[in-house]
Amino acid sequence: MLNSLFRGVSVAALIFAGQAALSADWVLDGASSKLAFGSVKKDTVGEVHSFEELTGSVSKDGTVTVAISLPSVETFIDIRNERMIDLVFNGEAQATLTAKVDIAALEALPAGGTMVSDVEGKLSLLGRDIPVETEMFVARLSDRKVMVTTNDLLFLGVEDAGLTKGVDILQELAKLSGITRTVPVTARFVFEAGSDTAQASPAAQETEVALSGDPAKGKKVFRKCQACHSFEEGKNGTGPSLHSIIGAGSAAADGFKYSGAFQDANLTWSEDQLAAFLSDPKNVVPGNRMGFKGLKKDDDVQNVIAYIRQES
Ligand code: HEC
């Protein structure tokens, strides 16, 4: 029965794994997750307990791992917490739920969508691997969040989990006529897309843009260009206007008299092409008349392109 109990947990983990597959690693949000279990003493007194510290993740291949801190058990009675930790859990630091999820089945779930998923995994507790399989209810809260909860009441057998001796001692110490040997378990796991995940995340996109150049720094670099270039449409100086230059064909500024070299160049100003030209103008357009020998630092090139992208 313990199996079943923890089964719920692993199921949840499995579900998460599926979600993770969507992009990259998913991390368990411990504060939003909950793993609770119940007990009945003297046949009549039902109580709810939980584990306060859960950590976990789902890797790209759909492997779900949830670590349950055993000393974080909360039974709302100090002496009982201590006895559980020492006598039932033998002072062990953690139990681990692992499961593999069918990523393909989960990938299609849109934000706001829900599904029920079969999860198979195992609970590693006190040196034993207890197989767990159960149904979990999965809700995709957003692009970046997935919640997995137990779909049925799960039961964990005290004997299956190898906890009989500890529970016997507990029962004796507390002078109880009985403590449930089958423990109901419920789980809620919330997984969040890791920082390197989520193509869908605007934050991630912003980071990428920033990585490819900083327009504020590029503005300073552009001081080297502005004696000859402006971004204003039709405003040519010593050099042609750079209005809408990114993606444009070379030598396309209206009213500017380009050198023959430029007229023949036939380039398209992709950011890569622009980077190559600004690093080494003479080499990219041999014989051009731009009185500028190029930018030596790669950073300057990327930053000035970011500024051009923003301004032109
Ligand atoms: C001393 C003046 C001068 C400076 C400084 C200068 N340029 Fe130029 N630039 C020119 C001239 C002149 C041309 C056209 C060359 C030709 O026709 O051969 C040109 C051409 C270009 C072109 C091609 C435009 C087109 O329509 O195909 C780009 C892009 C460009 N410059 C960007 C820059 C950037 C960015 C900087 C600063 C990092 C810079 N230039 C610095 C004078 C300058």
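The values are calculated or read from the model by the stated rules, or taken from the named source; none is laboratory data. What you see is a predicted model, and the numbers here were worked out from it, not measured in a lab. When we count neighbours, we look across all protein chains shown, and the Cβ atoms used for this are built from the backbone with ideal geometry, even at glycine. For the accessible areas, the whole protein counts, side chains as well, though only heavy atoms, and no ligand, DNA or RNA atoms are used. Shrake-Rupley method; radii C 1.70, N 1.55, O 1.52, S 1.80 Å.
When ALA253, ALA275 are screened for being among the aliphatic types (A, V, I, L, M) and assigned to a loop (DSSP other than H, G, I, E, B), only ALA253 passes.
Checked across the stretch 104-124, the condition of being within 21 Å of ILE169 (Cβ to Cβ), modelled with pLDDT under 90 and not in a loop (DSSP other than H, G, I, E, B) holds for no residue.
Within the stretch 234-242, not a single residue is buried (at least 17 other Cβ atoms within 10 Å of the Cβ), touching a residue at least 24 places away in the same chain (Cβ under 8 Å) and more than 9 Å from the ligand (Cβ to nearest atom).
Of the residues making up the stretch 283-298, just one is surrounded by 14 or more Cβ atoms within 10 Å (Cβ to Cβ) and assigned to a helix (DSSP H, G or I), namely VAL284. If you filter the stretch 261-272 down to residues that are within 9 Å of the ligand (Cβ to nearest atom) and more than 16 Å from SER312 (Cα to Cα), you find that the one that is surrounded by the fewest Cβ atoms within 10 Å (Cβ to Cβ) is GLN263. The single condition among (1) closer than 21 Å to LEU170 by Cα; (2) modelled with pLDDT of 85 or more; (3) open to solvent by 60 Å² or more (accessible area, probe 1.4 Å) that PHE137 does not meet is (1). Among residues of the stretch 25-59 being under 16 Å from LEU70 (Cβ atoms) and acidic (Asp, Glu), the one that is surrounded by the fewest Cβ atoms within 10 Å (Cβ to Cβ) is GLU52.
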